[in-house]
1. Report, by residue number, each residue of the range 229-243 that is assigned to a strand (DSSP E or B) and free of Cβ contacts under 8 Å to residues at least 24 places away in the same chain.
2. Given Ala265, Ala235, which one is farther than 22 Å from Gly195 by Cα and either surrounded by fewer than 16 Cβ atoms within 10 Å (Cβ to Cβ) or modelled with pLDDT of 95 or more (or both)?
3. If Arg226 passes every condition in (1) part of a helix (DSSP H, G or I); (2) farther than 23 Å from Thr128 by Cα but one, which one does it miss?
4. Which residues, taken from the range 173-210, are closer than 15 Å to Glu259 by Cα and either among the basic types (Lys, Arg) or surrounded by 22 or more Cβ atoms within 10 Å (Cβ to Cβ) (or both)?
5. Check whether at least one residue in the range 139-146 is within 29 Å of Lys188 (Cα to Cα), modelled with pLDDT of 95 or more, within 14 Å of the chain's Cα centre (by Cα) and within 11 Å of the ligand (Cβ to nearest atom), and report yes or no.
6. Across the range 127-184, which residue is nearest to Gln204 (Cα to Cα) among those that are of a type in the set (Phe, Trp, Tyr) and assigned to a loop (DSSP other than H, G, I, E, B)?
7. Exactly one of these conditions fails for Thr19: (1) closer than 22 Å to Ser203 by Cα; (2) touching a helix residue (DSSP H, G or I) at 6+ places or on another chain (Cβ under 7 Å); (3) at pLDDT 95 or above; (4) polar (S, T, N, Q). Give me its number.
8. From Arg211, Arg174, Arg217, which residue is over 13 Å from Cys161 (Cβ atoms), in contact (Cβ under 8 Å) with a residue 24 or more places away in the chain and basic (Lys, Arg)?
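The values are calculated or read from the model by the stated rules, or taken from the named source; none is laboratory data. If you're wondering where the values come from, they're calculated on a predicted model, not measured in any experiment. So basically every Cβ, Gly included, is an ideal-geometry build from the backbone, and we count neighbours across all protein chains shown.
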Amino acid sequence: MSLEHPLEKYIRKGMLPHTFCAGCGDGMIAQSFLRAVDELGLDFKRMAFLSGIGCSGWIPSPLFDADTLHTPHGRAIAYATGIKLFKPELKVVVFVGDGDALGIGGNHLIHAARRNVGMLVVCVNNMTYGMTGGQAGPTTPRGMATVTTPYGNLERGFDSCELVRAAGADYVARWTTFHMRQLTNSFKKALMKKGFAFIEVVSQCPTHLMRPMGFKRPSEMLLWLRDNSIPIERASRLPKEGLEGKIIIGEYIDSDKPELSEAYAELIQRVGAR
Ligand SMILES: Cc1ncc(C[n+]2csc(CCOP(=O)(O)OP(=O)(O)O)c2C)c(N)n1
């Protein structure tokens, strides 16, 4: 009997045990993603993985035994755009933190969605700048205590899914680390999309947010994610005031608009034929 985990074949040799903090959601997201790849039977060697600087950047790099590129903070989507246009046959997947995707890298995100570049962006929203010590960021909920907002965050968090949908993405969804089965199914759908796909996963950061949130165990953070989530269908029937501080989960859009690298290839053929 083999004792190897069925997903271990996707992990680069010598990379286990991984370096995530105990109770972090990053390992759960990695597993959910690899399960989707496995269930779809995708060729891992025909995929390119990119990440920025941040805890979530460690999900593909160095963990995944595939082509990975660890880019400067906030720039992974720009590198991914270059890869997709140069090698459109590759499935391009980007793992970024909420600070990376919506803070420093916000413009790259908006414009990649507007151009509908064929890639999947997985935004791990742990509600904080994890790697640098738990500062408040663009998705930190209002009122949440962090090291830079000890009396509670005064700002409203970004709604990344609304933003990316409005910018023009083909597929947008939000789940939490409590919703692993839905997340895997969503990964499967997003991986088969031609255009720009974006999945936000709201996750727990036990190292920096567990105590400020008043919890003793990471599992309590998972229950908090469960209790604060509302399916998008139900949210659409509720008054806006009732949704303050809630995590609206589900699919925001599922469409098939023209994808940039395909349009680019057609242009090259058309101009080349002249
Ligand atoms: C250009 C640049 N600015 C700032 C930093 C410092 N920095 C490294 S990681 C990070 C924040 C990471 O937060 P997030 O993107 O939310 O990812 P997480 O670590 O929470 O997964 C910052 C600000 C950097 N490395 N490069």
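1. Quick first cut of the range 229-243, residues assigned to a strand (DSSP E or B) only: 229-231.
The answer is Ile230, Pro231.
2. On the way: Ala265 fails: farther than 22 Å from Gly195 by Cα.
That would be Ala235, the only listed residue that is farther than 22 Å from Gly195 by Cα and either surrounded by fewer than 16 Cβ atoms within 10 Å (Cβ to Cβ) or modelled with pLDDT of 95 or more (or both).
3. (2)
4. Applying the first criterion (closer than 15 Å to Glu259 by Cα) to the range 173-210 yields 190-198.
Passing the criteria: Ala190, Lys193, Lys194, Gly195, Phe196, Ala197, Phe198.
5. Yes, some residue in the range 139-146 is within 29 Å of Lys188 (Cα to Cα), modelled with pLDDT of 95 or more, within 14 Å of the chain's Cα centre (by Cα) and within 11 Å of the ligand (Cβ to nearest atom).
6. Within the range 127-184, the subset of a type in the set (Phe, Trp, Tyr) is 129, 151, 158, 171, 175, 178.
Keeping just the survivors that are assigned to a loop (DSSP other than H, G, I, E, B) gives 151, 158, 178.
Values: Tyr151: 20, Phe158: 17, Phe178: 10 Å.
Result: Phe178.
7. Unmet for Thr19, out of (1) closer than 22 Å to Ser203 by Cα; (2) touching a helix residue (DSSP H, G or I) at 6+ places or on another chain (Cβ under 7 Å); (3) at pLDDT 95 or above; (4) polar (S, T, N, Q): (3).
8. On the way: Arg211 fails: in contact (Cβ under 8 Å) with a residue 24 or more places away in the chain; Arg174 fails: over 13 Å from Cys161 (Cβ atoms).
Of the residues listed, the single one that is over 13 Å from Cys161 (Cβ atoms), in contact (Cβ under 8 Å) with a residue 24 or more places away in the chain and basic (Lys, Arg) is Arg217.
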